[in-house]
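Remarks on the structure that follows.
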Amino acid sequence: MAQKKLGSQTVSFQNPPSILSTASIVGPKEGEGPLKDYFDLIIQDDSWGEDSWEKCESKLQIEAVRMAISSAKIVESQIDYLLAGDLLNQIIASSFSARQLQMPFLGLYGACSTMTESLSIGSMLIDGGYADKIVCATSSHFSTAERQYRFPLEHGNQRPLTSQWTVTGAGASVLSSSGGPPYITHVTTGKVIDPGIKDANNMGAAMAPAASDVIVQHFKDTGFKPTDYDLIITGDLASLGKEIAEDLIAQEGYNVSSVYSDCGIEIFDNEKQDTHAGGSGCGCSAVVFNGYIFKQLKQKKLNKVLLISTGALLSPTSTQQGESIPGIAHAVTISNKLD
Amino acid sequence: MKNINQKDYEKYVNSKAPKPTLLKNCIWAFIVGGLICVFGQFITNFVMDYGLDKKEAATATPITLIFLSALLTGLGLYDKIGKKAGAGSIVPITGFANAIVAPAMEFKREGFVLGVAAKMFIVAGPVLVYGIGSSVIVGIIYLLLKA
């Protein structure tokens, strides 16, 4: 009998892991956005002195992990597991950074849902008694994503209005079996839901049903109400996806509008920065959580947050073969109080 | 939410999605596309003033435009023009040059054989295949009709 299981998709932790510290590093464009004051490091050149975008993305991840570990005042050898993933084929940004970091490594793929996927698994490992200290990390880079999924950078094409801008950035969180608030108290693991959208430039609409499904399931499993939260924030649904998710959640009888936002909307000023529908990428919810939200929790400006990173599980091959885009989302409750 | 009707959902999403700014795009395409053509004409007149005949000028003009487009691509400017102009800078021969130079630059890190040379045509390749293919077919039809 799974003692910590709550309802059909949620886990409630007996010894909720503490988030000891976090780190966020972003690229120059993100560093000009509305959340610029919350990031730990803004790089001035989007290759960060490396000779390929992929190497730069690995470096972002390595440095974010190291910064998070050092601000937790522990050493790298104390880390029991590194849980990381990214968008690149065969998750090379993560495995190549793990090659450098030399920690026991579990590579994850959940597209842009990786931040909450890693926090979910990390929390379960700690509460299960399998680890004391875990680092959860993820990254994305505008230029690595463009060349893998879309067009060469210098190609003179027009981006549709529903398209999103992949965030250049990496975020890392150190979870611990002991320590102060904030804590991860619940996780709700989402199902893959495919509403049949085939347009790879409209990922918000493709992921919104998965996000709203996991949010509604979270309320059903835990008995929480939207008003129990100070903030409910999805990963990268952006402007269109957020509107849809809100509608879908309302159809199930929950009104989240007063506390609901999306990391893809928060990170850029879409009008000024010309990012169309908003930000996307693993790095989007990673830097918004590890930069902005974590600091708000620490300062008690927010006390209970539901973070739902959202992933579009497509590949260039599946898109070219005319497949629709399956979506996934995982929800994590981060709270300053233990009930 | 469990049983999303895909057709209904698509309709619903389309009703919510921001509408593309078609008129604005058309005007920009007209202006920039037109300017590129006027500039081409300027080159033709210029080289003809220097003594090239009409046939030679028809060769010199696209060569110059292709060079300038490749240069602007290399300087990171052509994508900025393309963002505003859309079809206005994609349809002229300068757009074709951009479509070849951009991937050649992008994939240089994968080497000169499997990167630059192999990936150079990932955007423009279909245009070459179907452009050359259809011109051969039209040529054959013309030949048969003439005979």
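Among rounded, prolate and oblate, which fits the stretch A:71-128 when a ≥ b ≥ c are the square roots of the eigenvalues of its C-alpha gyration tensor, a/c under 1.5 means rounded, and a/b larger than b/c means prolate? Provide the component values of the computation, followed by the final result.
Working: a/c = 2.12, a/b = 1.22, b/c = 1.75.
In terms of gyration-tensor shape, oblate.
Quick one: in the stretch B:22-121, what % of C-alpha pairs are over 24 Å apart? Let's see the in-between values first.
On the way: 1617 of 4950 pairs.
Percentage above 24 Å: 33.
Which whole number gives the average count of other chain Cβ atoms within 10 Å of the Cβ atoms across peptide B:4-14? Don't skip to the answer; put the middle values down first.
Working: counts 7, 2, 6, 1, 2, 8, 6, 0, 5, 14, 2.
Mean partner shielding for this stretch: 5.
Taking the square root of 5 times each eigenvalue of the Cα gyration tensor, what semi-axes in Å does the equivalent ellipsoid of the stretch A:1-81 have, largest first?
Semi-axes (√(5λ), whole Å): 33, 17, 14.
Got a sec to turn the phi values of the stretch A:112-127 into Karplus ³J(HN,Hα) couplings, 6.51 cos²θ - 1.76 cosθ + 1.60 with θ = phi - 60°, whole Hz, x for Gly and Pro?
Taking θ as phi minus 60°, the curve returns 6, 8, 4, 4, 6, 5, 5, 5, 4, 5, x, 5, 5, 5, 6, 5 Hz for the stretch A:112-127.
Determine the alpha carbon to alpha carbon distance for each of A:LYS29/A:LYS301; A:LYS5/A:LYS304; A:LYS225/A:LYS272 and list only those over 31 Å.
On the way: A:LYS29/A:LYS301 26 Å; A:LYS5/A:LYS304 20 Å; A:LYS225/A:LYS272 35 Å.
Listed pairs above 31 Å: A:LYS225/A:LYS272.
Provide the per-residue ³J(HN,Hα) series for the stretch A:67-74, in order, calculated from phi with Karplus coefficients 6.51, -1.76, 1.60 and θ = phi - 60°, each as a whole number of Hz, with x at glycine and proline positions.
Values per residue, Gly and Pro as x: 5, 5, 5, 5, 6, 7, 6, 10 Hz.
Can you pull the mean other chain C-beta count within 10 Å for peptide B:94-106? Numbers along the way, then the final one.
Working: counts 1, 3, 0, 0, 5, 6, 1, 3, 7, 6, 2, 4, 9.
Per-residue shielding by partner chains comes out at 4.
How much of the DSSP bridge set in chain A is antiparallel, in percent, rounded to the nearest 5?
Numbers: 37 of 56 bridges.
In chain A, approximately 65 percent of DSSP beta bridges are antiparallel ones.
Using 5 Å bins from zero, what percent of all Cα-Cα pairs in the stretch A:5-176 falls into each bin?
Final binned percentages: 1, 9, 17, 20, 19, 14, 9, 6, 3, 1, 0.
Kindly provide the Kirkwood hydrodynamic radius of the stretch A:183-335 in Å, to one decimal, from all pairs of distinct alpha carbon atoms.
Over the stretch A:183-335, the inverse of the mean reciprocal pair distance is 15.4 Å.
Restricting to the stretch A:183-335, compute how many DSSP beta bridges are antiparallel as a %, nearest 5. Provide the component values of the computation, followed by the final result.
Working: 15 of 22 bridges.
For the stretch A:183-335, the DSSP antiparallel bridge percentage is about 70.
Between the stretch A:260-336 and the stretch A:196-246, what is the C-alpha centre distance in whole Å?
Taking the Cα centre of the stretch A:196-246 as reference, the centre of the stretch A:260-336 is 10 Å away.
Per residue of B:16-28, how many C-beta atoms from partner chains lie within 10 Å of its own C-beta, taken as a mean?
Working: counts 9, 11, 7, 1, 4, 1, 0, 0, 0, 1, 0, 0, 1.
Partner Cβ neighbours, averaged per residue: 3.
So how do A:278-286, B:129-137, B:101-109 stack up, highest first, on mean other-Cβ count within 10 Å?
On the way: A:278-286: 34.7, B:129-137: 10.3, B:101-109: 20.9.
The packing order, highest mean first, is A:278-286, B:101-109, B:129-137.
To the nearest 0.05, how large is the calculated FRET efficiency for B:SER134 and A:ALA250 if R₀ is 45 Å and r is the Cβ-Cβ distance? Intermediate values should be presented prior to the final figure.
Values: r = 52 Å, r/R0 = 1.15.
The pair B:SER134/A:ALA250 has a calculated efficiency of 0.30.
Springs between alpha-carbon pairs under 10 angstrom, Gaussian network model over chain A: which of A:GLY31, A:GLY190, A:GLY253 fluctuates most?
Of A:GLY31, A:GLY190, A:GLY253, the Gaussian network model singles out A:GLY253 as fluctuating most.
Taking every DSSP beta bridge that has both residues in the stretch A:5-176, what percent is antiparallel when rounded to the nearest 5? Walk me through the intermediate numbers first.
Working: 18 of 28 bridges.
Around 65 percent antiparallel, to the nearest 5.
Who wins for biggest fluctuation among A:LEU302, A:LEU82, A:LEU119 in a Gaussian network model of chain A, springs between alpha carbons below 10 Å?
A:LEU302
Using Stokes-Einstein with the Kirkwood hydrodynamic radius over Cα pairs, what translational diffusion coefficient do you get for the protein assembly as shown at 25 °C and a viscosity of 0.890 mPa s, in µm²/s rounded to a whole number? Display every interim value, and only then the final one.
Values: Rh = 24.1 Å.
The calculation lands on 102 µm²/s.
For a quick check: sort A:HIS141, A:HIS186, A:HIS276, A:HIS330 by the number of other beta carbons within 10 angstrom, fewest at the front. Could the numbers behind the result be given before it?
On the way: A:HIS141 32, A:HIS186 25, A:HIS276 19, A:HIS330 29.
By the 10 Å Cβ count, ascending, the order reads A:HIS276, A:HIS186, A:HIS330, A:HIS141.
Bear in mind that the values in this text are calculations on the coordinates, not laboratory data. The structure presented is a predicted model; accordingly, all values stated were derived computationally and were not measured. Note: ideal-geometry Cβ built from the backbone for every residue, glycine included; neighbour counts use all protein chains shown.
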